[in-house]
Amino acid sequence: MYKVVKRAGDFFAAFIILLILSPFLIIIIILLKFSGEGEVFYFQKRIGYKNKYFNIWKFATMLKNSPNIGAGLITVRNDPRVTWVGSFLRKSKLNELPQLINVLIGDMSLVGPRPLVQKTFDAYNEEVRNNIYHSVPGITGIGSVIFRDEELLVSKAEMDPHLYYQTVIAPYKGELELWYLKGKNIWVDIVIMFLTIWVIIFPKSDLPYKIFKDLPVRNF
């Protein structure tokens, strides 16, 4: 029943949100088209439900060749590869809005574990890799809420960004995603959507830990 209700809710919510935001999305598309390198959308292969690949939709926020220069697949704060429009879109999380199309298609849900590229997926331990995508990946999720400013954490780390991700971020994010997998329900999804907006407005808030008191203990 949960899967049926969630899929129906995802579809109708994504459709309504796209409809309401369409004028705003058109403005973003125009800004992107006439700035940076003129790219509007960015498509990337991600790992999804049952570990199958799909192409994720995002607004283009970085230079076309970004994966092959600088920090590669990891983005740091004030990354020079990010365009001026892209910087605003990333900080406000508006670059994620095109993923509503993925939700309509059925590749994604509004709430679930974030779909990753192969390299960051491989940073998870075997238990997480084997179980995380028993749930449809989401635009937001508990991992996204807790690591709301992952770029800043990586930027402040006193070690190589890739090593920091593998040794600090990935292990804890994996625990968070397993927590969601074990306790997911409609109420949890609704609260996570609320918290997603809350932490964008109040990025230093500990409200997620106050609401979900059984979250894994933080290690950073």
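Can you work out which of the residues in the stretch 111-155 that are basic (Lys, Arg) and crowded, with 20+ Cβ neighbours inside 10 Å is farthest from residue 97 (Cα to Cα)?
Filtering the stretch 111-155 for residues that are basic (Lys, Arg) and crowded, with 20+ Cβ neighbours inside 10 Å, the one farthest from residue 97 (Cα to Cα) comes out as 148.
Remark: pairs (first residue in the stretch 187-201, not β-branched (Val, Ile, Thr); second residue not in a helix (DSSP H, G or I); Cβ separation under 8 Å; 6+ apart in sequence or on different chains) = 189/110; 189/111; 193/110; 193/111; 193/140; 198/205. Residues of the stretch 79-123 that are in a loop (DSSP other than H, G, I, E, B) and in contact with a Lys or Arg (Cβ under 7 Å, 6 or more places away or on another chain): 98, 115, 117.
Conditions tested, residue by residue: (1) among the small types (Gly, Ala, Ser); (2) closer than 30 Å to residue 30 by Cβ.
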position: 87; (1), (2): yes, yes
position: 91; (1), (2): no, yes
position: 100; (1), (2): no, yes
position: 107; (1), (2): no, yes
position: 117; (1), (2): no, yes
position: 158; (1), (2): no, no
position: 174; (1), (2): yes, no
position: 181; (1), (2): no, no
position: 186; (1), (2): no, no
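For residue 82, the requirement of being among the aliphatic types (A, V, I, L, M), on the phi < 0 side of the Ramachandran plot and free of Cβ contacts under 8 Å to residues at least 24 places away in the same chain is met. When residues in the stretch 185-220 are screened for being in a helix (DSSP H, G or I) and under 20 Å from residue 171 (Cα atoms), 2 of them pass. Evaluating residue 209 against the criteria (1) more than 21 Å from residue 110 (Cβ to Cβ); (2) buried (at least 19 other Cβ atoms within 10 Å of the Cβ); (3) among the hydroxyl-bearing types (Ser, Thr, Tyr) leaves one unmet condition, (2). Scanning the stretch 162-181 for residues that are over 15 Å from residue 147 (Cβ atoms) and at pLDDT below 95 gives 162, 163.
Exactly one residue out of 148, 114 is within 23 Å of residue 179 (Cβ to Cβ), basic (Lys, Arg) and out of contact with any strand residue (DSSP E or B) (no Cβ under 9 Å at 6 or more places or on another chain), and it is 148. Among the conditions (1) surrounded by 12 or more Cβ atoms within 10 Å (Cβ to Cβ); (2) modelled with pLDDT of 95 or more; (3) of a type in the set (A, V, I, L, M), the only one that residue 63 does not satisfy is (2).
Where residues in the stretch 156-183 are assigned to a helix (DSSP H, G or I) and aliphatic (A, V, I, L, M), which of them is surrounded by the fewest Cβ atoms within 10 Å (Cβ to Cβ)?
Ranking the qualifying residues of the stretch 156-183, first place goes to 163.
Only residues that are at pLDDT 95 or above and among the β-branched types (Val, Ile, Thr) were counted across the stretch 27-54, and they come to 1.
The values are calculated or read from the model by the stated rules, or taken from the named source; none is laboratory data. What you are looking at is a predicted structure, and each value in this text was computed from that prediction instead of being measured. A quick note on method: Cβ atoms are made from the backbone with ideal geometry, for glycine too, and the neighbour counts reach across all protein chains shown.
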